[in-house]
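Read-outs throughout are calculated quantities, based only on the coordinates presented, and are distinct from any laboratory measurement. All values reported here derive from a predicted model rather than from experimental measurement. With ideal geometry, Cβ positions are generated from the backbone for all residues, glycine too; neighbour counts draw on all protein chains shown.
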Amino acid sequence: MNIEKLIADAAAGAVKELYGLTDASAVQIQKTRKEFEGDFTLVVFPLLKASRKSPDATAAEIGGWLTANTPEIGSFNVIKGFLNLSLKPEFWGERFAEMAADADFGRGAPTGKTVMVEYSSPNTNKPLHLGHIRNNLLGYSVAEILKECGNTVLKANLVNDRGIHICKSMLAWKKFGYGETPESSGMKGDHLVGKYYVEFDKHYQQEIKELMAAGQSEEEAKKNAPMILEAQEMLRKWEAKDPETYTLWETMNGWVYDGFAVTYKSLGVDFDRMYYESQTYLLGKSLVEEGLAKGVFYRRPDGSVWIDLTADGLDEKLLLRADGTSVYMTQDLGTAYRRFEDENLDALIYVVGNEQNYHFQVLKLVLKKLGYDWSDAIYHLSYGMVELPEGRMKSREGTVVDADDLVEGMVETAREMSQELGKLDNCTAAEADTIANMVGMGALKYFILKVDPKKTMLFDPRESIDFNGNTGPFIQYTHARIRSVIRKAAEAGIDYASTPAPGAYLPEEIELIKTLSEYPATIAAAGENYAPSLVGAYIYELAKIYNGYYHDHSILREEDAAVRDFRLRLSGQVASVIKKGMRLLGIEVPERM
RNA sequence: GGUUCCGUAGCUCAGUUGGAUAGAGCAGCAGCCUUCUAAGCUGCGGGUCGGGCGUUCGAACCGCCCCGGAAUCACCA
């Protein structure tokens, strides 16, 4: 039941009855701010023209009408033109019983829509780093939220498995690797390949230096260095399907995939569709033909194909090289088209860093100009860089924070902290591992997901990530404490589920019920805005309110069984919502910690 | 120069379509564990919401102009 709508409808009825106002848009209902008494507030300023009375008189009149005519509303007060309405306590009691009985509380009704979320999309020449973590966590969470909102969701990963950068690693391995493998070196496959990517650059830079010393300009040197020429030759061989090159490519990519699988598992992300660029990079050429035929694109004398977007404030953009080979944009046009056709998508969301804002702007525009209206259903979920205190991460300068290292470090820190606090004293080794894992990952994931994706965020490895305050562990801890109380209730043989409701509620209990009732709307808003941070902020707020309640009121020691059992049910519902919400962020919550 | 985005407390960040006295956490200070887990709770200090003009009964939020910062404008992906 949508409580806010109930109030809004009642208020609309009031102004219609009192002032003959039929336009409901002037009726604004919002939650009453904490410092005032009441549950919902009607702002009366927009209604003054119709009422032809002062703000306070208008508010009092509407308040009087509402209390007389709306059974749910118990009382009201007026402060400076704000009409604060309080619902009857038994109304909240009923709402609570309703949500406690609903196993799918917060889940939206099926929309019948299919949404694809493309995220992760790594290159196969180096391991994942902190930036990829933000991408993966965001993509996974947004997909889960959209699923919870009633959509059919396809998580897609488009692996960038071909190109000059892949050849660089391959070439360096061939020249300097002496047959090294993940098995022989004990290195994780993606790290091993990454090592040779760095190795390539080292030699390449050395060659550039030498060529420059021999009198070439930097530009010339970069073009003429033997390493880069060889890498380019290797790419040509790959495209010609030269058996030796192709085998090496398959082997090294295989190593990387094994490594990624481990990282994905530790991050807890998964995919429904895997795409490989080696299989999609030729797509899109027919769309280029189509664009030419429609006169949307044009061909230059050298044979290359372009679109002129200067009228839209952008530039001229290349869509096909003079030699007929495709570029990034060509492929993306093709894959988008293919996906909408094949999967019958209603929406396609790309979780890609903000350095590609321009690219997606162009992509949508080009598709639109080709006459594909589903272009509007493409959304680029753009996220900002993760910066270190020294500034941006640079692979070459070795200032990247490796994903595997970070995960391991977080879990280790969580383990140490748990030990220091004596939280693991009565645990088996397996339980301790589980807790350290949940807490460490919870801290990391919450830290990243609580900030607005658009914003560049700062990560300071030295200060590490907090475990106190507005953090994942804080929320997990709230859950663990509740579960502990409920375990104790079960041990004491208390059957609290079906005890009749108590006759009265504490203000704090009403506040908790009120907050719990906002959960479904929060999930809906998070889905509409692709914003996991809304879920995070909501759960934090809920946990904070609960912690105050837990501190001030005892549950099991309460003598009145009806009150005690209600408190158990209320606590259980808080734990349930925490668990549901955190799951949408990809965060697990422990039974104890 | 064009495009997109950001600027809120010492630091890291919230602030849902414009609504009441702008909020958290961290850091600092002062308190609370013979009572269900102190990874918790309570209190204190801390702000010209980058600046200006405008729209409005009302602006951190909307519009315009500046200032500062980021990304991008590759026949790389």
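With a cut-off of 8 Å between alpha carbons and a minimum separation of six or more residues, what is the relative contact order of chain A in percent?
Dividing the mean separation by the residue count of chain A yields 14 percent.
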> Working from the pairwise distances between different alpha carbons, so that the mean of 1/r is found and then inverted, what is the stretch A:485-593's Kirkwood radius in Å?
Replying inline: 14.9 Å
>> Using the Cα centre of the stretch A:133-205 as the reference point, and only Cβ charges (+1 on K/R, -1 on D/E), how large is the resulting charge dipole? Debye, rounded to the nearest 20.
In response: 200 debye
>> Considering the Cα positions of the stretch A:403-473, please state its Rg to one decimal place and its Dmax as a whole number of Å.
In response: 12.9, 43
> Of A:Y530, A:T181, A:I133, whose Cα points farthest to the positive end of the dipole of chain A (charges on the beta-carbon: +1 Lys, Arg; -1 Asp, Glu; origin at the Cα centre)?
Replying inline: A:Y530
> Once both labels are modelled 7 Å past Cα along the beta-carbon direction, what's the A:A521-A:E4 spacing in nm?
Replying inline: 0.3 nm
> Once the other residues with Cβ under 12 Å from the Cβ of A:L534 are scored (Lys, Arg +1; Asp, Glu -1), what is the net sum?
Replying inline: -3
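Kindly state, to the nearest 0.05, the FRET efficiency for A:D270 paired with A:D346, given R0 = 30 Å and r defined as their beta-carbon distance. Kindly include the intermediate steps, with their values, before the conclusion.
Numbers: r = 22 Å, r/R0 = 0.72.
Computed FRET efficiency for A:D270 and A:D346: 0.90.
What ratio of Cα Rg to 2.2 N^0.38 Å holds for the stretch A:56-124?
Ratio of Cα Rg to 2.2 N^0.38 Å: 1.98.
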>> Let me check I've understood the local charge: for A:E98, count other residues with C-beta under 13 angstrom from its C-beta, Lys and Arg +1, Asp and Glu -1. What total comes out?
In response: -2
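Over all distinct Cα pairs, what is the inverse of the mean 1/r for the stretch A:98-161, reported as the Kirkwood hydrodynamic radius in Å? Don't jump to the answer; show the numbers that get you there.
Details: mean 1/r = 0.0743 Å⁻¹.
In the stretch A:98-161 this quantity evaluates to 13.5 Å.
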>> At 0.36 nm per residue, and after removing the present C-alpha to C-alpha distance, how many nm does the segment from A:E37 to A:T247 gain when stretched out fully?
In response: 68.4 nm
> Could you name the lysines in cross-link range of A:K364, using Cα to Cα under 16 Å and dropping any fewer than eight places away on the same chain?
Replying inline: A:K317
> Points 7 angstrom from Cα along the Cβ direction at A:N426 and A:T310: gap in nanometres?
Replying inline: 7.7 nm
> Could you give the nm distance between label points at A:L292 and A:K544, where each point is 7 Å from its Cα heading toward the beta carbon?
Replying inline: 6.0 nm
> When the Karplus curve 6.51 cos²θ - 1.76 cosθ + 1.60 is applied with θ = phi - 60°, which whole-Hz ³J(HN,Hα) does each residue of the stretch A:402-409 get, with x for Gly and Pro?
Replying inline: 5, 4, 5, 4, 5, 4, 4, x
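Translational D (Stokes-Einstein, µm²/s) of the stretch A:336-386 at 20 °C and 1.002 mPa s when Rh comes from the Kirkwood sum over C-alpha pairs?
On the way: Rh = 11.4 Å.
So the translational diffusion coefficient is about 188 µm²/s.
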> Residue by residue through the stretch A:234-250, which ³J(HN,Hα) values in whole Hz follow from phi under the Karplus form 6.51 cos²θ - 1.76 cosθ + 1.60 (θ = phi - 60°), with glycine and proline marked x?
Replying inline: 5, 5, 4, 4, 4, 5, 7, 6, 4, x, 4, 4, 5, 5, 4, 4, 5
> For A:D272, which sequence-distant residues (separation of 5 or more, or a different chain) have an amide H within less than 5 Å of its own amide H, given hydrogens modelled in the peptide plane?
Replying inline: A:K155, A:A156
> Using 0.36 nm per residue, how much length does the chain from A:N69 to A:K222 gain when fully extended, once their Cα-Cα distance is taken away?
Replying inline: 47.1 nm
> Using modelled backbone amide H atoms (1.01 Å from N, in-plane), which distant-in-sequence or interchain residues come within less than 5 Å of A:H129's amide H?
Replying inline: A:A403
>> Between the stretch A:419-447 and the stretch A:236-254, what is the separation of their alpha carbon centroids in Å?
In response: 44 Å
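What is the fewest-to-most order of A:C427, A:C149 by other Cβ atoms lying within 10 Å of their Cβ? Intermediate values should be presented prior to the final figure.
Details: A:C427 16, A:C149 24.
By the 10 Å Cβ count, ascending, the order reads A:C427, A:C149.
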> Toward the positive end of the charge dipole of the stretch A:458-507, about the Cα centre and with charges on Cβ (Lys, Arg +1; Asp, Glu -1), which of A:T499, A:N470, A:I486 goes farthest?
Replying inline: A:T499
> If all Cα-Cα distances of chain A are sorted into 20 Å bins from 0 onward, what percent lands in each bin, rounded to whole numbers?
Replying inline: 16, 41, 30, 12, 1
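Regarding the stretch A:98-232, what whole-number volume in Å³ per residue does the convex hull of its Cα atoms give?
Working: hull volume 21.5 nm³, N = 135.
So the per-residue Cα hull volume is 159 Å³.
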>> Within 12 Å, Cβ to Cβ, of A:M410, how many net charges do the neighbouring residues add up to if Lys/Arg are +1 and Asp/Glu are -1?
In response: -4
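Do any trypsin sites (Lys or Arg not before Pro) in the stretch A:46-111 lie in a DSSP loop with no more than 11 other beta carbon atoms within 10 Å, and if so, which? Intermediate values should be presented prior to the final figure.
Values: sites: A:K49, A:R52, A:K53, A:K80, A:R95, A:R107; in loops: A:R52, A:K53, A:K80, A:R107.
Those that pass, being in a loop and sparsely packed, are A:R52, A:K80.
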>> 5 Å is the cut-off here: which amide hydrogens, built 1.01 Å from N in the peptide plane, fall below it relative to A:H380, excluding neighbours closer than 5 in sequence?
In response: A:Y350
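Output the pairs from A:K113/A:K445; A:K188/A:K265; A:K195/A:K445; A:K168/A:K454; A:K265/A:K544; A:K5/A:K445 with a Cα-Cα distance over 22 Å in this structure; if there are none, say none. Can you show the working numbers first?
Working: A:K113/A:K445 28 Å; A:K188/A:K265 14 Å; A:K195/A:K445 27 Å; A:K168/A:K454 32 Å; A:K265/A:K544 31 Å; A:K5/A:K445 34 Å.
Too far apart for the 22 Å limit: A:K113/A:K445; A:K195/A:K445; A:K168/A:K454; A:K265/A:K544; A:K5/A:K445.
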> Stokes-Einstein D for the stretch A:38-187 at 37 °C, 0.692 mPa s, Kirkwood Rh over Cα pairs, in µm²/s?
Replying inline: 150 µm²/s
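Taking the Cα centre of chain A as the origin, how large is its charge dipole in debye, to the nearest 20, when only Lys and Arg (+1) and Asp and Glu (-1) carry charge on their Cβ atoms? Can you show the working numbers first?
On the way: 67 positive and 87 negative charges, 155 e Å.
In total the dipole reaches around 740 debye.
Quick one: order A:L282, A:L48 by neighbouring beta-carbon count within 10 Å, fewest to most. Provide the component values of the computation, followed by the final result.
Numbers: A:L282 13, A:L48 16.
Ordered by Cβ neighbours within 10 Å, fewest first: A:L282, A:L48.
Could you work out the percent of alpha carbon pairs in the stretch A:46-89 separated by over 14 Å, rounded to a whole number? Present the calculation step by step, with values, prior to reporting the outcome.
On the way: 421 of 946 pairs.
Summing the P(r) of the stretch A:46-89 above 14 Å gives 45 percent of all pairs.
Determine, for A:D402, A:D342, A:D452, A:D9, the number of other Cβ atoms within 10 Å of each Cβ, and report the residues in order from fewest to most.
Values: A:D402 20, A:D342 9, A:D452 12, A:D9 15.
Exposure proxy ranking, most exposed first: A:D342, A:D452, A:D9, A:D402.
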> So what is log10(I(q)/I(0)) for the stretch A:1-50 at q = 0.33 1/Å, when the Debye sum runs over its Cα atoms only?
Replying inline: -1.27
>> With every atom except the alpha carbons ignored, what do you get for Rg and Dmax of the stretch A:345-415, in angstroms?
In response: 18.0, 56
>> Through the Karplus equation 6.51 cos²θ - 1.76 cosθ + 1.60, θ set to phi - 60°, convert the phi angles of the stretch A:275-288 into ³J(HN,Hα) values in whole Hz; use x for Gly and Pro.
In response: 10, 10, 4, 4, 9, 10, 6, 9, 5, x, 5, 5, 5, 5
